[in-house]
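Below: the structure, in structure tokens.
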Amino acid sequence: MAITASMVKDLREQTGAGMMDCKKALTETDGDFDKAIEFLREKGLATAQKKAGRIAAEGIVATTIKDDDKTAAIVEVNAETDFVAKNEVFQTYVKEVVEQISNSDAADVEAFKAEAWALDTSMTVADKHAAMIAKIGENMNIRRFEKIVSTDGIVVSYIHAGGKIGVLVEAATDNNSDAVKEALKNVAMQIAALNPKYVSTSEVPDDYKAHEKEILMAQAKNDPKNANKPENIIEKMIEGRLNKELKEVCLLEQEYVKAENKETVAKYIEAVSKEVGSAITLKKFVRFETGEGLEKKNEDFAAEVAAQMNA
């Protein structure tokens, strides 16, 4: 019996198995749809779709650096449990994913998943991902990634707590010595710890400043201590509070955590630049924290058992 693309597509949609696996299953069973499903189930490849509805908020962040520290990639891959996140098979898969991202021009996750899997071009990244879900036995998700290609400097990476937080830092410099890399690694640790939003105040959007100023103004006007203060005095108070807030969210204005004299990150980088005899300019950073913004799974085994009994 001739196996058509439509048959392969239908089987894939019903089972969640990879395209090539579906084609092989239909070929082996002479196009018998039910037998093809059983074939895939026996091979452990027809389970991904059933697992796709489960919450995947655990996982790890991984990074890779190549091309003389000029190309870097970072990815967050989620799983359902921390147990799987610590599994060597899962971690190896995530490393393979981030390596492929470093060589990819994909603009987003969907485009990336449509690419051929570099280690086996007979399947796509999506096919490989479905096979890994079946192998590991949990829903997984390639949630997000970013790639940095530096044209005038280097990129360093930092992984905290075994992949709970990952950071990339790009700097413009003509010096790629160990001293410069160590300084940038220290900055990456700062980013992991204090979670800034911007490199400097010049990056902060005007609408963000305006919004924060409105909130601070409302707080000031609702404070009875300010009832008799002139508008210009309140305005100066607001400006002071806003500037203080911006120092907390802007990397260069933050107090450098490893400094003994309360110097800023900007002053620290300036000191390192003088020490190595080369200018260092922080250009960009990326910080991924596993599961941030995702709904965590609520383990209620009693409710789960009750739901199964009522099904």
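The values are calculated or read from the model by the stated rules, or taken from the named source; none is laboratory data. Because the structure is a prediction, the values reported are computed rather than measured. Here the Cβ is made from the backbone with ideal geometry for all residues, glycine too, and neighbour counts use every protein chain on show. What goes into the accessible areas is simple: the full protein's heavy atoms, side chains included, and nothing from ligands, DNA or RNA. Shrake-Rupley method; radii C 1.70, N 1.55, O 1.52, S 1.80 Å.
Looking at T151, T92, T121, which one is open to solvent by 60 Å² or more (accessible area, probe 1.4 Å), part of a loop (DSSP other than H, G, I, E, B) and either among the polar types (S, T, N, Q) or in contact (Cβ under 8 Å) with a residue 12 or more places away in the chain (or both)? Let's see the steps before the verdict.
Details: T92 fails: part of a loop (DSSP other than H, G, I, E, B); T121 fails: part of a loop (DSSP other than H, G, I, E, B).
Just a single option satisfies the conditions, and that option is T151.
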Near pairs, Cβ below 6 angstrom, 6+ apart or cross-chain, from the stretch 177-201 (assigned to a helix (DSSP H, G or I) and at pLDDT 95 or above) to any residue that is open to solvent by less than 60 Å² (accessible area, probe 1.4 Å) and among the charged types (D, E, K, R): I191/R287
Test: residue in the stretch 249-257 that is within 30 Å of N87 (Cα to Cα), modelled with pLDDT of 95 or more, part of a loop (DSSP other than H, G, I, E, B) and not acidic (D, E): no
One residue from K66, K86, K70 being surrounded by fewer than 16 Cβ atoms within 10 Å (Cβ to Cβ), within 23 Å of the chain's Cα centre (by Cα) and in contact (Cβ under 8 Å) with a residue 60 or more places away in the chain: K86
Hits in the stretch 96-118 (condition: free of Cβ contacts under 8 Å to residues at least 12 places away in the same chain, open to solvent by 30 Å² or more (accessible area, probe 1.4 Å) and of a type in the set (G, A, S)): A107, A111, A116
Residue that is least open to solvent (accessible area, probe 1.4 Å), among those in the stretch 163-202 that are among the polar types (S, T, N, Q) and in contact with a Phe, Trp or Tyr (Cβ under 9 Å, 6 or more places away or on another chain): Q190
Answer from I142, I133 - the residue that is part of a strand (DSSP E or B) and crowded, with 20+ Cβ neighbours inside 10 Å: I142
Lone qualifier among K283, K258 - being over 25 Å from T64 (Cα atoms) and either in contact with a His (Cβ under 8 Å, 6 or more places away or on another chain) or open to solvent by 50 Å² or more (accessible area, probe 1.4 Å) (or both): K258
